[in-house]
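Structure first, commentary second.
Values quoted throughout were computed directly from the atomic coordinates according to the rules given, and no laboratory measurement underlies them. Keep in mind the model is a prediction, meaning the values are calculated, not measured. Cβ placement follows ideal geometry from the backbone for every residue including glycine, while neighbour counts extend to all protein chains displayed.
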């Protein structure tokens, strides 16, 4: 991974992981937060599966909470989705930790089936005063061929999936506030 790629990762814990050559690809996506950051952190930290439609909570190791969820990739322009692809996945969230700028949670996801065919992501979910951010690294499947496919198309899908998840968190926070 080159210096320019590493500089794109603002979170120091994630940037420290980015030294493994070409094996990992950085992912940094920001979305708008319309709710109260403290309420969002409490909602995610509560361990309830109610904040994401269709999600089921499961136990996980290492202080993480695991959720079974269908990650979604909308294909289309703007709000006009031509199609939505879904993939059953495990979404793991760590405890919410307060920082001077808001809150942080460890986050990761991986496919629930046919795992070698899909990327594995690990990073941080940052809850700021006005935005949500997912920042981390993912490993494209398939070695060098998978990394080439990632450069052509799959990175777009990874970004769109992260944007979808941020929008779902924001939607749930708005619902919890009302």
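Results, tabulated for the structure shown:
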| item | result |
| --- | --- |
| Residues residue 68 and residue 174, FRET efficiency given R0 of 22 Å [Cβ-Cβ distance, rounded to 0.05] | 0.40 |
| Cα shape, region 96-178, gyration tensor, a/c 1.5 rule | prolate |
| Inter-label distance for residue 57 and residue 34, nm, one decimal - labels placed 7 Å from Cα along Cα-to-Cβ | 2.5 nm |
